[in-house]
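Following: one structure in C-alpha cells, then a few remarks.
Throughout, read-outs are computed from the coordinates displayed, never taken from laboratory work. Quick caveat: nothing in here was measured; it's all calculated off a predicted structure. Neighbour counts run over all protein chains shown; Cβ positions are idealised from the backbone, glycine included.
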Amino acid sequence: MTKLQSLRGMIDLLPSQVERWQKVEAFARDHFRRANLGEIRTPLLEHTELFARGIGEATEVVGKEMYSFFDRGNRSCTLRPEGTASVVRSVIQNGLLSQGSQRLWYMGPMFRYERPQAGRQRQFHQIGVEFFGLSSEISDAELISIAWDFLNELGLRDLKLEINSLGTTDDRKKYQESLVSWLENFSELLDEHVLEQIKKNPLRILDSKKPNIQELLNEAPKLVDFLSNQSRNRFLNLQVILNSLGIPFTINTKLVRGLDYYCHTAFEITSSQLGAQATVCGGGRYDGLVEQLGGPKTPAIGWAIGLERLLILLGEDAFEKQFPEVYIVNKGPKAELESLTLARDLRASNFFVEIDYSGSAFSKQFKRANRSNASWAVVIGDEELKQEEIRLKRLKGKTKDPNEYLVKRSDFNQIIERLRS
RNA sequence: GCGGGCGUCGCCAAGUGGUUAAGGCAGCGGCUUGUGGCGCCGCUAUUCGGGGGUUCGAAUCCCCUCGCUCGCCCCA
C-alpha cells in the first residue's frame with residue numbers, strides 16, 4: 001500500500017463521467033428555474049452542533065456517520081451529512097424568512113462515514129429543494145411534483161412514489177408509546193438491534209428489512225390510527241390533490257424516514273433497479289425544525305435526490321460523447337505555433353479544436369484525427385506555411401466532390417465558412 | 001460496526017507449487033520522411049495490492065494488512 005490513492009468511498013469523476021453529470025446538472029438548473037426556485041449555496045463545513053440539534057442526536061447519521069473534527073480554533077466542525085440543516089441555518093442567519101415564503105434548491109457533495117456499497121459512497125451528491133413558510137397540502141403536492149417531473153423528464157421509468165403521514169409530534173408520541181408496549185410483549189422474538197431501536201428511535205423499526213419483523217408488524221398498531229382528525233384530513237387532502245394531478249402514488253404506512261425532524265408528509269421515490277439502496281429521492285415536512293434551530297416558527301418541507309443513484313438509473317448509453325469538430329495536423333515548431341494561433345481563433349468562434357503535438361508522421365496524425373471523431377482535419381505543414389495557406393480536409397460526412405480545400409490563412413471568413421459547410 | 005465474494009500491465013483477462021507470467025483492447029513505433037479510417041509487423045508486467053511465513057522452488061499454500069465489491073445496518 002505504498003501507492004497514493006483516494007480515501008475510501010471517495011471517487012474521482014473522470015472526463016467521460018463528468019460529461020454525464022453536467023447534463024443532469026444543466027437539466028436540473030433549467031427545471032428549477034421554470035419552477036422559479038432560487039439556488040442556495042451553503043458551506044460544506046458547519047458547527048457539529050447544527051447537525052446534532054437539527055438531524056437528531058439519536059439518529060444513525062449523527063451518532064456514527066459524521067465526519068467531525070476539531071479545527072485549529074478548537075471548534076467542533078462537521079462535513080455536512082445532508083443539506084437541510086445547513087439551508088435552515090442559512091435562511092435563519094440571513095433573515096430570509098422575514099421576506100415571505102422561500103422556495104430554494106441546492107446541489108453539492110455530502111459526507112457520511114459508512115461502508116460503501118452499490119449506490120452508496122462516503123462522499124456523495126445531492127440535489128435538494130426546500131420550501132419555507134408554506135404549510136398547505138397544495139405546497140406539499142407542488143414540491144413532490146417538482147421531484148416527480150424532474151425524474152420523469154430526465155427519462156427515468158419504473159419509479160415508485162410512496163407517501164405516508166407521520167402526523168404531529170403528539171400523534172407520533174401516542175403511537176410510539178403504543179407500539180413500544182405492544183412490541184414488548186414479543187421481546188423474546190426481537191434481536192438486539194431492534195431492542196436498541198425501541199429505546200432510541202422506535203419508529204425506525206417500521207421500515208426494517210427483516211422479514212420476521214415485518215411479519216410481526218403486520219399485527220402491530222398502525223400509525224394512521226393514531227393521527228388526529230386534522231392530521232388525517234390533511235393526509236387525505238394531499239392524496240386527493242396528487243390524484244387530480246395524475247401523479248401515481250402508493251401509501252406506505254411503514255414509511256418513516258430516518259431523520260428526527262419530519263412530521264406530516266413523508267415520501268420516497270424508489271426504483272427496483274438500484275439494488276439494496278433503492279431510494280433515489282426522499283423527503284418530507286419539517287414544520288418544527290426552523291424554530292428548533294432558533295428561527296421564527298416556520299412551516300417547511302423538502303426533499304433530496306441522490307445524484308449517484310440518479311446517474312445509475314440513467315445508464316451509460318443515454319449520453320453521447322462530445323467530439324472535437326476540428327483536429328489540427330502539423331509538422332515542425334513553426335507549424336505548431338501556427339496551429340495554436342489558428343486554434344485560438346477558431347475557439348473564439350466557438351469551434352471545438354484539438355491540436356496534435358506528437359510530431360509523428362502525418363499518417364499517424366490522421367489516424368488520431370479520425371479516432372477523435374473530428375469532422376475536419378486542418379493540415380499545416382511546410383508547403384502550407386510557405387504559401388501562407390492551410391489545408392482543410394473533410395473527415396466525416398463526405399458527399400460533395402471536393403472534400404479538400406486550400407485556403408489562405410488570412411482569409412478567416414472563408415476558413416470558417418468551409419468548416420461550417 | 002458486522003458478514004459473503006474478489007485483488008495478475010491503463011482496461012478486460014489466462015495461469016491453482018517448477019526453467020523466460022498467455023491472449024485481447026488501448027497506447028507507441030514501423031510497413032507508408034507529407035497525408036486518414038482497413039491490414040500486417042514490432043514494442044510495452046524482472047512481476048502478480050502490500051508485508052511476513054512455509055518450501056530446493058510461490059501469482060499459485062498459510063498468516064497479517066490495505067483496497068474493491070455485494071449484503072446487513074443506515075440513507076440519497
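Points to keep in mind about this one:
- Of all DSSP-defined beta bridges confined to chain A, some 80% are antiparallel rather than parallel.
- Lysine pairs in the range A:326-420 with Cα atoms under 26 Å, if 8 or more residues apart or on separate chains: 29
- Exposed trypsin sites (Lys or Arg not before Pro) absent: longest stretch of chain A, with sites in DSSP loops and at most 16 other Cβ within 10 Å deemed exposed: A:76-156
- Helix-only mean residue ellipticity at 222 nm for chain A, each DSSP H run of n ≥ 4 adding -39500 (n - 2.57), per residue, nearest 500: -12000 deg cm²/dmol
- Partner lysines whose Cα lies under 23 Å from the Cα of A:K23, excluding those fewer than 8 positions away in the same chain, are identified as A:K321.
- Test item: Cα-centred dipole of chain A, Lys/Arg +1 and Asp/Glu -1 on Cβ, debye: 1100
- Under DSSP loop assignment and at most 13 Cβ neighbours within 10 Å, longest GluC sites (Glu not before Pro)-free interval of chain A: A:58-319
- Mean separation of Cα contacts under 8 Å, 6 or more apart, over the residue count of the range A:326-420: relative contact order %: 28
- Global geometry of the range A:1-61, whether rounded, prolate or oblate, following the gyration tensor of its Cα atoms and the 1.5 cut on a/c: oblate
- For the range A:167-186 and the range A:228-283, distance of Cα centres in Å: 20
- Averaging the sequence gap over all C-alpha pairs within less than 8 Å and six or more residues apart, then dividing by the number of residues, gives the range A:236-320 a relative contact order of 20 percent.
- Chymotrypsin sites (Phe, Trp or Tyr not before Pro) restricted to DSSP loop in the range A:99-129 with at most 15 other C-beta within 10 Å: A:Y113
- Among the chymotrypsin sites (Phe, Trp or Tyr not before Pro) in the range A:332-401, those placed in a DSSP loop whose Cβ has at most 13 other Cβ atoms within 10 Å are A:Y357.
- Cα gyration tensor shape of the range A:264-343, rounded if a/c is under 1.5, else prolate or oblate by comparing a/b with b/c: oblate
- Tensor-based shape of the range A:326-420 (alpha-carbon gyration tensor, a/c under 1.5 rounded, otherwise prolate or oblate): rounded
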